[in-house]
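**Q** Encoded as structure tokens, here's the structure I'll be asking about.
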Amino acid sequence: MFEKVSPTMDFLAREKETLAFWKANDIFKKTMDLRKGGDVFTFYDGPPTANGKPHIGHIETRAIKDLIPRYQTMKGKSVTRKAGWDTHGLPVELEVEKMLGLDGKEQIEAFGIEPFIKKCKESVWKYKGLWEDMSERVGFWADMENPYITYDNNYIESEWWALKTIFEKGLLYKGHKVVPYCPRCGTALSSHEVSQGYKLVKERSAVVRFKVQGEENTWLYAWTTTPWTLPSNVALCVNPDDTYARFDCDGRTIIMGEALIPPYWARTPSSPTRRLSPAAS
């Protein structure tokens with residue numbers, strides 16, 4: 001017979017009681033010991049960076065990620081659950097830059113690379129205690145006492161070993177990929193980093209006219225956000241799927257994308273618009 005659950009159950013107190021029981025009896029370690037020698041199940045969990053406070057999103061992901069190793073352990077498999085800390089990357093550097101009042105690579109180099117690295121290593125542990133308390137409070141089981149740390153030489157050497165092994169098996173290839181780039185930081189950005197700082201801004205750009213050879217006072221108008229590349233321009237490209245237009249304005253014949261006419265000319269051109277194909281223009 002099961003005892004009837006009281007409708008006035010204090011769930012918070014019940015949770016703390018369970019956590020205290022797990023801790024006092026070392027339940028996590030016992031579950032690991034019971035499964036030694038069993039089939040191995042590997043679960044890779046990306047480690048957090050401890051220089052930022054945990055939030056509700058981290059609680060959700062830790063709860064979900066905890067389900068998989070528990071389920072596989074219940075099935076009799078040996079699941080190593082090693083905690084880790086991500087101690088590399090742009091977020092750490094930006095945090096330290098703010099703390100030191102620096103802005104960009106030149107100021108970091110003037111401050112000193114080694115002192116800057118030392119500050120970064122100190123910064124990554126700023127909220128370590130909060131992360132550990134949060135993990136324990138939500139019942140997240142992982143070996144927090146022997147974590148892997150990405151700036152540790154043992155971890156770095158293991159990464160180089162893995163890359164070397166992958167290379168020797170012929171599984172590495174060299175390719176080209178367009179990635180977002182931050183000129184201030186002097187580094188490529190991940191999609192996650194781009195989304196964090198994404199916002200709509202007003203920016204100056206340039207519309208440049210190019211003389212059409214063989215036609216009197218006829219100009220192609222082109223828009224660019226990189227005017228510093230204009231001295232090296234040798235040709236203009238057109239899109240075969242877009243509609244281009246030729247019209248007269250202020251005594252000049254202009255050819256440009258029809259969709260771009262309204263933003264640049266508030267008034268109607270002085271002569272009727274005549275559509276042209278890209279090849280004709």
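The values are calculated or read from the model by the stated rules, or taken from the named source; none is laboratory data. Given the structure is predicted, the values throughout are model-derived calculations rather than measurements. Virtual Cβ from ideal backbone geometry, glycine too; neighbours counted across all protein chains shown.
**Q** Would you be able to tell me the number of residues in region 173-193 that are part of a loop (DSSP other than H, G, I, E, B) and either β-branched (Val, Ile, Thr) or in contact (Cβ under 8 Å) with a residue 60 or more places away in the chain (or both)?
**A** 6
**Q** Additional query: Of the residues Glu136, Glu114, only one is at pLDDT 90 or above, closer than 30 Å to Arg14 by Cβ and of a type in the set (Asp, Glu); which?
**A** Glu136
**Q** Another question, if that's okay. If only one of Val207, Val212 is touching a residue at least 24 places away in the same chain (Cβ under 8 Å) and in contact with a helix residue (DSSP H, G or I) (Cβ under 7 Å, 6 or more places away or on another chain), which one is it?
**A** Val207
**Q** Residue check: is Pro115 more than 25 Å from the chain's Cα centre (by Cα), farther than 22 Å from His55 by Cβ and outside the structural domain of Thr49 (by TED's automatic domain parsing)?
**A** yes
**Q** Right, next: Among all residue pairs at least 6 apart or on different chains, which show Cβ distances below 6 Å where the first residue, located in region 90-109, is in contact (Cβ under 8 Å) with a residue 24 or more places away in the chain and the second is among the aromatic types (Phe, Trp, Tyr) and outside any helix (DSSP H, G or I)?
**A** Final answer for the pair search is none.
**Q** I'm trying to understand the selection: among the residues of region 126-167, which are small (Gly, Ala, Ser) and surrounded by fewer than 16 Cβ atoms within 10 Å (Cβ to Cβ)?
**A** Within region 126-167, Gly129, Gly139, Ser158, Ala162 meet the criteria.
**Q** From the list Tyr173, Tyr198, exactly one residue is at pLDDT 85 or above and either loosely packed, with under 10 Cβ neighbours inside 10 Å or under 30 Å from Leu94 (Cβ atoms) (or both). Which is it?
**A** Only one candidate qualifies: Tyr173.
Yes/no matrix, rows are residues, columns are (1) under 37 Å from the mean Cα position of the chain (by Cα); (2) aromatic (Phe, Trp, Tyr); (3) part of a helix (DSSP H, G or I); (4) surrounded by 10 or more Cβ atoms within 10 Å (Cβ to Cβ):
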| position | (1), (2), (3), (4) |
| --- | --- |
| Gly214 | no, no, no, no |
| Leu220 | no, no, no, yes |
| Trp223 | yes, yes, no, yes |
| Leu230 | yes, no, yes, yes |
| Ala235 | yes, no, no, no |
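**Q** Does Trp161 count as closer than 30 Å to Lys65 by Cα, aromatic (Phe, Trp, Tyr) and not assigned by TED's automatic domain parsing to the domain that holds Thr61?
**A** yes
**Q** How many residues are more than 16 Å from Arg81 (Cα to Cα) and either of a type in the set (Asp, Glu) or free of Cβ contacts under 8 Å to residues at least 24 places away in the same chain (or both) when one looks only at region 118-157?
**A** 11
**Q** Does Val92 satisfy being at pLDDT 90 or above and either surrounded by 14 or more Cβ atoms within 10 Å (Cβ to Cβ) or within 24 Å of the chain's Cα centre (by Cα) (or both)?
**A** Spelling it out, it is not the case that Val92 is at pLDDT 90 or above and either surrounded by 14 or more Cβ atoms within 10 Å (Cβ to Cβ) or within 24 Å of the chain's Cα centre (by Cα) (or both).
**Q** Which one is farthest from Glu145 (Cα to Cα), of the residues in region 34-55 that are among the charged types (D, E, K, R) and surrounded by 11 or more Cβ atoms within 10 Å (Cβ to Cβ)?
**A** This residue is Asp39.
**Q** Now, a different point. Can we say Arg70 is at pLDDT 90 or above, touching a strand residue (DSSP E or B) at 6+ places or on another chain (Cβ under 9 Å), basic (Lys, Arg) and in the same structural domain as Val138 (by TED's automatic domain parsing)?
**A** no
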